[in-house]
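Some notes on the structure that comes next.
The values are calculated or read from the model by the stated rules, or taken from the named source; none is laboratory data. Please read all numbers here as calculations on a predicted model, not as lab measurements. Because the Cβ atoms are built from the backbone with ideal geometry, glycine has one as well, and the counts that use them run over all protein chains shown.
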Amino acid sequence: MLALAGLFALPACSDDGATDDEVGEDETASEEEDETTDETTDGETTEDGETTETTETTDEGEESTDTGEEKPGLGDTPNVLCEGALFNLETIVAENASGDADGEAIAMAYEGTALQEFVQWAGAVTGRVEDGVLIDDAAIIAALDAGGPEDLIDVQWQVYLVMHKFIRHEVGDIAALVPDPANDPALTYARWDDAWCYYDGALRSYAQAADAYGLTGDSIEADLDAGFELGHDGIEGEQPWAIDEWSVGAAKQQVEKTSFALAHRLVVQWTEMGIMNDDELALRNAYGAFQLIEDRMDTKNTPGIAIVEGALEAPPASINFEGLVRELNIAFVKRTRKYTDYALPDVAGLMGTAAGYAGAVEGATYSKLVEPFMIDALDGFDHEAYRETWAAWIQAVADDDVATGETASAELTDWNCQYQAALGIAECTSSIDEE
């Protein structure tokens with residue numbers, strides 16, 4: 001049984017030869033493109049609860065392929081650019097944390113350094129270019145030129161945004177790899193390790209900060225670690241040039257959706273801190289963290305984007321904290337709703353397929369983001385039982401067990417819709433935008 005750290009374990013599932021469809025979300029893609037879809041293709045990512053190739057443990061504890069070659073460990077690929085970028089970023093973070101940031105020191109840590117090289121390269125890789133201009137690099141240069149305390153915080157968060165987008169891009173691309181003898185697993189490992197390097201070196205501390213906020217059920221750092229490990233383990237499937245679709249797809253969802261929970265918790269935590277301490281810089285950090293999930297509000301609670309950003313730029317005493325959290329949660333409870341029944345025969349018809357399994361994992365991961373708030377809002381809501389129902393749903397999808405799946409799905413959907421009603425959403429939905 002695959003066990004992802006956190007409140008739920010990914011059940012064992014058998015690969016019956018079915019292929020899955022594209023899993024994951026892209027800021028620039030449409031809603032149909034950026035969520036798990038029901039169009040199956042031969043090479044996209046799926047997730048499996050089992051390893052599909054025979055492995056053996058070496059004396060060093062590393063896995064080996066059926067040819068006897070050792071698999072590399074997570075993060076084993078050397079990455080000079082990442083190391084240099086992280087070194088430069090440390091200066092920026094330290095300056096902003098000092099309470100008296102030196103704009104010249106921050107500029108020197110960015111301009112002409114490995115960090116700027118990474119931002120420019122990642123911007124090109126992820127397509128963050130407008131009219132021939134690299135969006136993020138230009139935004140950072142503009143903030144450096146402005147030079148105020150909030151501007152210097154913006155520099156730091158623009159870098160984090162680039163890293164976040166890059167991680168999403170890389171794990172998504174790898175999860176969608178088409179089996180091809182021309183695929184070099186060493187290059188695939190290197191790309192996965194690239195994503196890991198920027199998470200481990202830059203965003204891990206924020207996963208720890210998100211967990212420290214202390215909401216029930218949060219295990220953000222552990223979930224991210226488990227997702228990266230699972231995906232790395234699945235890079236070589238039945239053939240070294242074909243990923244283990246079931247496991248890499250699950251990993252992609254675990255990493256991406258948990259990263260949204262990370263940003264959500266930081267926004268909530270720093271907003272609360274800013275209000276309590278009349279701290280505008282805390283609010284600016286919250287504003288920066290919000291940029292990592294702003295695109296997740298689009299098409300679900302589009303008007304809420306301006307509401308949240310406006311609040312975070314307002315005087316601390318004027319902010320309606322509960323109202324801001326509500327705007328965030330409207331979007332994420334809708335995103336969860338899509339996957340409470342997605343695989344059923346009368347919806348997408350993906351029971352027993354990798355695509356359906358991916359959707360179930362995606363929903364369970366999204367659900368963890370809103371569940372702490374369901375505890376407070378809903379009478380009779382049993383959080384542990386709800387987690388168990390998600391696990392039962394995932395297992396049923398993997399096993400093509402429609403009867404069990406229908407029972408679990410009905411319970412998941414009912415509680416999701418109850419929380420939507422508590423948030424004041426007029427109709428329980430996964431697709432209707434707020435007006």
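When the residues of the range 173-199 are filtered to those that are under 17 Å from the mean Cα position of the chain (by Cα) and aliphatic (A, V, I, L, M), which remaining residue is nearest to residue 229 (Cα to Cα)?
195
Return the residue satisfying two criteria in turn: it lies in the range 67-92 and is surrounded by fewer than 18 Cβ atoms within 10 Å (Cβ to Cβ) and among the β-branched types (Val, Ile, Thr), and of such residues it is nearest to residue 237 (Cα to Cα).
67
For residue 388, are the conditions met, namely being closer than 28 Å to residue 175 by Cα and free of Cβ contacts under 8 Å to residues at least 40 places away in the same chain?
For residue 388, the condition - closer than 28 Å to residue 175 by Cα and free of Cβ contacts under 8 Å to residues at least 40 places away in the same chain - is met.
Restricting to the range 347-366, name every residue that is among the aromatic types (Phe, Trp, Tyr) and either part of a loop (DSSP other than H, G, I, E, B) or within 13 Å of the chain's Cα centre (by Cα) (or both).
366
So which of 267, 248 ends up being among the β-branched types (Val, Ile, Thr) and within 20 Å of residue 206 (Cβ to Cβ)?
Details: 248 fails: within 20 Å of residue 206 (Cβ to Cβ).
One residue alone meets the criteria, 267.
Inspect the range 285-299 for any residue being farther than 28 Å from residue 397 by Cα, of a type in the set (Phe, Trp, Tyr) and buried (at least 20 other Cβ atoms within 10 Å of the Cβ) and give the result as yes or no.
yes
Quick check, is residue 408 assigned to a helix (DSSP H, G or I), among the small types (Gly, Ala, Ser), at pLDDT 95 or above and closer than 19 Å to residue 218 by Cα?
Against the criterion (assigned to a helix (DSSP H, G or I), among the small types (Gly, Ala, Ser), at pLDDT 95 or above and closer than 19 Å to residue 218 by Cα), residue 408 does not qualify.
Hey, does the range 107-120 have a residue that's over 23 Å from residue 193 (Cα atoms), in contact with a Leu (Cβ under 6 Å, 6 or more places away or on another chain) and in contact (Cβ under 8 Å) with a residue 40 or more places away in the chain?
There is no residue in the range 107-120 that is over 23 Å from residue 193 (Cα atoms), in contact with a Leu (Cβ under 6 Å, 6 or more places away or on another chain) and in contact (Cβ under 8 Å) with a residue 40 or more places away in the chain.
Test residue 173 against the stated conditions and say whether it is among the acidic types (Asp, Glu) and out of contact with any Ser or Thr (no Cβ under 7 Å at 6 or more places or on another chain).
Yes, satisfied.
Got a sec? Which helices (runs of 4 or more DSSP H) wholly within the range 174-239 have at least 2 residues that are touching a strand residue (DSSP E or B) at 6+ places or on another chain (Cβ under 8 Å), crowded, with 17+ Cβ neighbours inside 10 Å and touching a residue at least 12 places away in the same chain (Cβ under 8 Å)?
Details: elements: 185-198, 204-212, 220-233.
Answer list for the range 174-239: none.
Any chance the range 389-405 includes a residue that's within 25 Å of the chain's Cα centre (by Cα), closer than 22 Å to residue 214 by Cβ and surrounded by fewer than 24 Cβ atoms within 10 Å (Cβ to Cβ)?
No - not one qualifying residue is present in the range 389-405.
Conditions tested, residue by residue: (1) under 18 Å from residue 308 (Cα atoms); (2) surrounded by 23 or more Cβ atoms within 10 Å (Cβ to Cβ); (3) modelled with pLDDT of 95 or more.
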site	(1), (2), (3)
323	yes, no, yes
332	yes, yes, yes
339	no, yes, yes
343	no, yes, yes
347	no, no, yes
356	no, yes, no
363	no, yes, yes
368	no, yes, yes
374	no, no, yes
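Is it fair to say residue 306 is closer than 24 Å to residue 216 by Cβ and among the hydrophobic types (A, V, I, L, M, F, W, C)?
no
Give me the residue from the range 94-125 that is of a type in the set (Gly, Ala, Ser) and closer than 16 Å to residue 164 by Cα and, out of that set, surrounded by the most Cβ atoms within 10 Å (Cβ to Cβ).
Restricting attention to the range 94-125, the residues satisfying the condition of being of a type in the set (Gly, Ala, Ser) are 94, 97-99, 101, 103, 105, 107, 109, 112, 114, 122-124.
Applying the additional criterion that residues be closer than 16 Å to residue 164 by Cα yields 122-124.
Working: 122: 25, 123: 20, 124: 12.
The qualifying residue surrounded by the most Cβ atoms within 10 Å (Cβ to Cβ) is 122.
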